[in-house]
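Asker: Below are the structure tokens for one structure; questions will follow.
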Amino acid sequence: MSRRTRKAAAPTRGAPRPTVSVCRGCCCGTPKIPDVDHAGQLATLRRSLGEIATVRAVECLDACEQANVIVVQPSAEGRRAGGRPLWLGLVNDPDAVADIVTWVEEGGPGLADAPDILGLYTFRPSRRIAQELDQP
């Protein structure tokens, strides 16, 4: 009879670092939202967070009434600490992008409190949409 040792902890589900998903579909990132440097917004996030988070442009997140939409998902450590994805809408101001960068630099969901100002941008997507983004 053989004995196998069990690992002390179960495998961690989730990305090792936060993920910032930037909607660039139907309405977000298009001229439908005028006076916003959409390419600059994405470039700022990638330049500022490229070493500490995964920044990705995604197709339509189906929350067009909230354009521009950014979703900040926790790292595996942040998820273990209770962090959940935070959906931010109407992110059309460079200051909001700067606040997102600062928060993610501090650890993001579960590891650092989001700046109070981001509460003005927070919204709840439909359950279906949230589940689709949360799938690996």
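The values are calculated or read from the model by the stated rules, or taken from the named source; none is laboratory data. As the structure is a computational prediction, the values presented were derived from the model and not from experiment. Reconstructed Cβ throughout: ideal geometry from the backbone, glycine too, with neighbour counts over all protein chains shown.
Asker: Considering only residues that are of a type in the set (Ser, Thr, Tyr) and closer than 11 Å to Val101 by Cα, which ones fall in the range 32-63? Quick ask: steps written out before the conclusion?
Answerer: From the range 32-63, those of a type in the set (Ser, Thr, Tyr) are 44, 48, 54; that's our starting set.
Result: Thr44, Ser48.
Asker: Please state which of the following conditions Gly40 fails to meet, knowing it meets all the rest: (1) loosely packed, with under 14 Cβ neighbours inside 10 Å; (2) not in a helix (DSSP H, G or I).
Answerer: (2)
Asker: Is there any pair with a first residue in the range 18-29 that is without any contact (Cβ under 8 Å) to a residue 40 or more places away in the chain and a second that is part of a strand (DSSP E or B) whose Cβ atoms are under 9 Å apart and which are 6 or more apart or on different chains, and what are they?
Answerer: Correct list of pairs: Arg24/Ala57; Arg24/Val58; Gly25/Val58; Gly29/Val22; Gly29/Cys23; Gly29/Ala57.
Asker: Assuming Ile33 fulfils every condition listed in (1) touching a Cys at 6+ places or on another chain (Cβ under 9 Å); (2) closer than 21 Å to Glu132 by Cβ; (3) modelled with pLDDT under 95; (4) surrounded by fewer than 20 Cβ atoms within 10 Å (Cβ to Cβ) apart from one, which condition is it?
Answerer: (2)
Asker: Hey, another quick one. Exactly one of these conditions fails for Leu111: (1) free of Cβ contacts under 8 Å to residues at least 40 places away in the same chain; (2) closer than 22 Å to Ile129 by Cα; (3) surrounded by 15 or more Cβ atoms within 10 Å (Cβ to Cβ). Give me its number.
Answerer: (2)
Asker: Take the residues in the range 43-92 that are assigned to a loop (DSSP other than H, G, I, E, B), of a type in the set (A, V, I, L, M) and within 13 Å of Gly107 (Cα to Cα), then tell me which one is nearest to the chain's Cα centre (by Cα). Explain how you work it out, then say what you get.
Answerer: Going residue by residue through the range 43-92, those that are assigned to a loop (DSSP other than H, G, I, E, B) are 50-53, 59-63, 67-69, 74-75, 81-85, 89-92.
Imposing the further condition that a residue be of a type in the set (A, V, I, L, M) reduces the set to 52-53, 61, 63, 67, 69, 81, 90-91.
Now narrow it down to the ones that are within 13 Å of Gly107 (Cα to Cα): 52-53, 81.
Numbers: Ile52: 13, Ala53: 9, Ala81: 16 Å.
Checking each candidate, the answer is Ala53.
Asker: Further, regarding this structure: Could you check Ile52 against (1) in contact with a Pro (Cβ under 9 Å, 6 or more places away or on another chain); (2) crowded, with 18+ Cβ neighbours inside 10 Å and say which number it fails?
Answerer: Of everything listed in (1) in contact with a Pro (Cβ under 9 Å, 6 or more places away or on another chain); (2) crowded, with 18+ Cβ neighbours inside 10 Å, Ile52 misses just condition (2).
Asker: Does Arg128 satisfy being modelled with pLDDT under 95, assigned to a helix (DSSP H, G or I) and either surrounded by fewer than 13 Cβ atoms within 10 Å (Cβ to Cβ) or touching a His at 6+ places or on another chain (Cβ under 9 Å) (or both)? Spell out the reasoning first.
Answerer: Working: modelled with pLDDT under 95: yes; assigned to a helix (DSSP H, G or I): yes; either surrounded by fewer than 13 Cβ atoms within 10 Å (Cβ to Cβ) or touching a His at 6+ places or on another chain (Cβ under 9 Å) (or both): yes.
Criteria met by Arg128.
Asker: Which one of these is touching a helix residue (DSSP H, G or I) at 6+ places or on another chain (Cβ under 6 Å), at pLDDT 95 or above, under 23 Å from Pro16 (Cα atoms) and not aliphatic (A, V, I, L, M): Thr102, Thr44, Thr54? Give the steps one after another, and end with the answer.
Answerer: Values: Thr102 fails: touching a helix residue (DSSP H, G or I) at 6+ places or on another chain (Cβ under 6 Å); Thr54 fails: touching a helix residue (DSSP H, G or I) at 6+ places or on another chain (Cβ under 6 Å).
None of the other options fit; the residue is Thr44.
Asker: Check off (1) at negative phi; (2) in contact (Cβ under 8 Å) with a residue 12 or more places away in the chain; (3) not charged (D, E, K, R) for Gly82 and give me the number that stays unchecked.
Answerer: Failed condition: (1).
Asker: For the range 105-125, how many residues meet the condition of being at pLDDT 95 or above, closer than 22 Å to Asp62 by Cβ and in a loop (DSSP other than H, G, I, E, B)?
Answerer: 3
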